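Colleague: Quick one: structure below, then a few questions.
The values are calculated or read from the model by the stated rules, or taken from the named source; none is laboratory data. If you're wondering where the values come from, they're calculated on a predicted model, not measured in any experiment. We place every Cβ from the backbone using ideal geometry, glycine too, and count neighbours over all the protein chains shown. Side chains included, ligands, DNA and RNA excluded: accessible areas come from the protein's heavy atoms. Shrake-Rupley method; radii C 1.70, N 1.55, O 1.52, S 1.80 Å.
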Amino acid sequence: MASEVDEQELGFRDSPDRATLSCLLYMARVMELRDFVRFFFGIIKSMGAFSQALTPDSRQAFEAEASKYKLVSYDFSNHRQFVNETMLSRAVESFDLYVLLILREIFEAKPEILKSEGSIDIATVIDLKSFDSVVTFLTERKIHELSYKSLDDLQKYIHSRTGLALFRTDAAFDAALLASEVRNLIAHNDCRVNDIFDRRLKGLKRPLDDLPISKAGKFIIEDEWLRQVSYTLDAAVFDFDVAASDKFGLQTMNPKTSFTFR
């Protein structure tokens with residue numbers, strides 16, 4: 001997502017004609033992010049024109065600050081890294097949220113999937129009073145449990161319960177796993193590679209070589225990698241959403257006319 005970004009590339013590629021509520025929320029969150037990218041880097045790209053209306057001192061200060069975020073091949077600044085960390089975190093968190101929400105929709109549509117998900121004591125059943133309340137209780141309990149699962153365990157669970165693949169290819173899974181673990185580095189270790197990161201990446205179907213690690217041990221989030229990861233997550237959401245809505249009869253809407261629901 002470089003500053004010389006093509007606005008068309010900030011939209012969605014091959015988005016579905018109809019989407020579930022979970023997918024619509026994913027699309028809304030991602031478009032908020034991409035609208036910000038368009039706005040922010042549009043300002044950076046046009047900083048010369050913006051600064052002309054400022055006083056000399058203000059112009060100098062503005063251009064000095066804006067230049068920190070420009071993409072310069074020989075100097076990937078910490079400021080640029082900060083923006084990319086923010087964008088990657090939002091993208092991965094939106095994907096994670098989609099997966100949990102679509103599972104909730106599936107469980108509610110086909111509660112029999114939850115039959116093997118542990119027992120529930122009689123007192124709780126009596127307190128809940130209705131079948132729908134029991135389903136909601138079991139659903140929320142399972143969603144909470146799954147929210148702590150690794151991506152690999154989560155995709156295995158989804159396939160075992162739904163018969164659907166969360167990722168179509170090993171390459172897509174590898175890209176999503178790496179993005180997820182980099183997001184964890186951002187949240188828990190200032191984006192610096194550690195033993196936990198190395199250990200979790202051993203699950204890659206095709207190991208990745210020559211990761212962009214700085215001398216200080218930070219994972220450098222390059223613009224092109226961030227762009228490709230974002231589109232990989234989009235594709236996984238859209239493909240799974242179509243498959244899940246078809247198989248389980250989930251309610252869908254036209255994405256072009258449904259964003260006001262949020």
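Colleague: Look at the range 116-127 and say how many of its residues are over 15 Å from I106 (Cα atoms), touching a Leu at 6+ places or on another chain (Cβ under 9 Å) and surrounded by 12 or more Cβ atoms within 10 Å (Cβ to Cβ).
Modeller: Qualifying residue count, the range 116-127: 1.
Colleague: Restricting the search to the range 119-153, which residues are aliphatic (A, V, I, L, M) and in contact with an Asp or Glu (Cβ under 9 Å, 6 or more places away or on another chain)?
Modeller: Residues satisfying the conditions are V135, L138, L146, L151.
Colleague: Sticking with this structure for a sec: Pull up the range 76-90, narrow it to residues that are modelled with pLDDT of 90 or more and in contact with a Leu (Cβ under 7 Å, 6 or more places away or on another chain), then point me to the one that is most open to solvent (accessible area, probe 1.4 Å).
Modeller: R90
Colleague: Taking the range 206-225 only, how many residues are surrounded by 12 or more Cβ atoms within 10 Å (Cβ to Cβ), on the phi < 0 side of the Ramachandran plot and not β-branched (V, I, T)?
Modeller: Number satisfying all stated conditions: 7.
Colleague: If I ask for residues that are crowded, with 16+ Cβ neighbours inside 10 Å and in contact with a helix residue (DSSP H, G or I) (Cβ under 8 Å, 6 or more places away or on another chain), which ones from the range 242-257 would you list?
Modeller: Matches in the range 242-257: A244, F248, L250, T252, P255.
Rundown of residues vs (1) outside any helix (DSSP H, G or I); (2) modelled with pLDDT under 75; (3) surrounded by 15 or more Cβ atoms within 10 Å (Cβ to Cβ); (4) of a type outside the set (F, W, Y), yes/no style:
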site: V37; (1), (2), (3), (4): no, no, yes, yes
site: F41; (1), (2), (3), (4): no, no, yes, no
site: I44; (1), (2), (3), (4): no, yes, yes, yes
site: A49; (1), (2), (3), (4): no, yes, no, yes
site: A53; (1), (2), (3), (4): yes, yes, no, yes
site: R59; (1), (2), (3), (4): no, yes, yes, yes
site: L71; (1), (2), (3), (4): yes, yes, yes, yes
site: Y74; (1), (2), (3), (4): yes, yes, no, no
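Colleague: Among (1) farther than 26 Å from H144 by Cα; (2) open to solvent by less than 60 Å² (accessible area, probe 1.4 Å); (3) of a type in the set (K, R), where does R192 come up short?
Modeller: Failing condition for R192: (2).
Colleague: Picking from S15, S22, which residue would you name as being modelled with pLDDT of 80 or more, of a type in the set (G, A, S), closer than 30 Å to F240 by Cβ and open to solvent by 20 Å² or more (accessible area, probe 1.4 Å)?
Modeller: None of the others qualify; the one that does is S15.
Colleague: Then there is this: Could you say whether any residue in the range 137-152 is over 15 Å from Y98 (Cα atoms), modelled with pLDDT under 90 and more than 27 Å from the chain's Cα centre (by Cα)?
Modeller: Checking the range 137-152: not a single residue is over 15 Å from Y98 (Cα atoms), modelled with pLDDT under 90 and more than 27 Å from the chain's Cα centre (by Cα).
Colleague: Only residues that are buried (at least 16 other Cβ atoms within 10 Å of the Cβ) and either under 26 Å from L211 (Cβ atoms) or small (G, A, S) (or both): list them for the range 156-177, please.
Modeller: Matches in the range 156-177: A165, L166, F167, A172, F173, D174, A175, A176, L177.
Colleague: Just give me the residues in the range 156-199 being farther than 20 Å from A91 by Cα, touching a residue at least 40 places away in the same chain (Cβ under 8 Å) and among the charged types (D, E, K, R), in sequence order.
Modeller: Within the range 156-199, just R161 meets the criteria.
Yes/no per residue for (1) open to solvent by less than 70 Å² (accessible area, probe 1.4 Å); (2) in contact (Cβ under 8 Å) with a residue 60 or more places away in the chain; (3) within 26 Å of A236 (Cβ to Cβ); (4) of a type in the set (F, W, Y):
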| site | (1), (2), (3), (4) |
| --- | --- |
| V92 | yes, yes, yes, no |
| F95 | yes, yes, yes, yes |
| V99 | yes, yes, yes, no |
| A109 | yes, yes, yes, no |
| I113 | yes, no, yes, no |
| K129 | no, no, no, no |
| I143 | yes, no, yes, no |
| K149 | no, no, yes, no |
| L154 | yes, no, yes, no |
